[in-house]
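A.B. asks: First, the structure itself, so that you have it in front of you.
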Amino acid sequence: MSVLNTELHKYIENNPFNNHIGFELVTEKKDEILLKLSLKRELLNTNKTVHGGVHASMLDTVQSIVLRSIYQSPVAAMNLDVHYFSPANSGHLFAKAKILQKGYKLATIEAEIVDDHQQLIAKGTGIYRIIRKG
């Protein structure tokens, strides 16, 4: 396992929130990250569909992982816009992200969540501050 992959796995595994929700890294290349979530009853809302906060957390997590892998530095969300398209209540969700703008202090990135059938569930755009060391 490469250093990059080890660091990304540690980022997921050492985060109690990510572990609690159940995020799993399934593809780990520097510019291609795929995050997986197996749906469980505890993630559903009163409508028996995935809670919107789970979507937002998944989008934020995949965006953060991609930026951390590119910048090799911690990042902090400044803004996250989420758009919900379709409900989900079983199976798996998958999220991937793509950088739209890469700056020294800020980066803009978008991510999508799809289900097992490649149906678009949610999409989000985030602006992140790059936390430079030193």
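A.B. asks: Need one number: nm distance between label points at Leu100 and Val26, each 7 Å from Cα along Cα→Cβ, rounded to one decimal.
C.D. replies: 2.6 nm
A.B. asks: Connecting C-alpha atoms closer than 10 Å in a GNM of the chain, tell me which of Thr61, Thr49, Thr108 has the biggest fluctuation.
C.D. replies: Answer for the Gaussian network model of the chain: Thr49.
A.B. asks: Whole-Hz Karplus ³J(HN,Hα) for the stretch 32-39, in order, using 6.51 cos²θ - 1.76 cosθ + 1.60 and θ = phi - 60°, x for Gly and Pro?
C.D. replies: Once rounded to whole Hz, the list reads 9, 10, 10, 9, 10, 9, 7, 6.
A.B. asks: Expressed as a whole percentage, what fraction of the accessible surface of the chain belongs to carbon and sulfur atoms when a 1.4 Å probe is rolled over the protein heavy atoms?
C.D. replies: 51 percent
A.B. asks: When the dipole is taken about the Cα centre of the stretch 26-86, and only Lys, Arg (+1) and Asp, Glu (-1) are charged at their Cβ, what size is it in debye, to the nearest 20? Present the calculation step by step, with values, prior to reporting the outcome.
C.D. replies: Details: 7 positive and 6 negative charges, 49 e Å.
That gives a dipole near 240 debye.
A.B. asks: Also: Can you compute 3J(HN,Hα) from phi for each residue in the stretch 66-83, using the Karplus curve 6.51 cos²θ - 1.76 cosθ + 1.60 with θ = phi - 60°, rounded to whole Hz and x for Gly and Pro?
C.D. replies: Values per residue, Gly and Pro as x: 4, 5, 4, 6, 6, 7, 6, 7, x, 9, 9, 5, 9, 7, 9, 9, 10, 10 Hz.
A.B. asks: Hey, another quick one. Long-range amide H contacts for Leu106: which residues qualify at under 5 Å (H placed 1.01 Å from N, peptide plane, sequence gap of 5 or more or a different chain)?
C.D. replies: Ile130
A.B. asks: Identify, among Leu37, Ile99, Phe17, the residue whose Cα sits farthest towards the positive end of the charge dipole of the chain, taking +1 on the Cβ of Lys and Arg and -1 on the Cβ of Asp and Glu, with the dipole about the Cα centre.
C.D. replies: Positive-most Cα among the choices belongs to Ile99.
A.B. asks: Hey, got the dipole for the chain? About the Cα centre, +1 on K and R Cβ, -1 on D and E Cβ, debye to the nearest 20?
C.D. replies: 420 debye
A.B. asks: Residue-wise, which Karplus ³J(HN,Hα) couplings in Hz belong to the stretch 12-18, taking 6.51 cos²θ - 1.76 cosθ + 1.60, θ = phi - 60°, and x for glycine or proline?
C.D. replies: 6, 5, 8, 9, x, 5, 4
A.B. asks: How much length is gained on full extension from Tyr84 to Arg132, taking 0.36 nm per residue of separation minus their Cα-Cα distance?
C.D. replies: Working: separation 48, 0.36 × 48 = 17.28 nm, distance 3.25 nm.
Here the segment from Tyr84 to Arg132 would lengthen by 14.0 nm.
A.B. asks: While we're here: Long-range amide H contacts for Ile33: which residues qualify at under 5 Å (H placed 1.01 Å from N, peptide plane, sequence gap of 5 or more or a different chain)?
C.D. replies: Ala97
The values are calculated or read from the model by the stated rules, or taken from the named source; none is laboratory data. This structure is a prediction, so every number in the text was calculated from the model and none was measured. Note that each Cβ is placed from the backbone with ideal geometry, even for glycine, and that neighbours are counted across all protein chains shown. Protein only, heavy atoms only, side chains kept; ligands, DNA and RNA dropped before computing areas. Shrake-Rupley method; radii C 1.70, N 1.55, O 1.52, S 1.80 Å.
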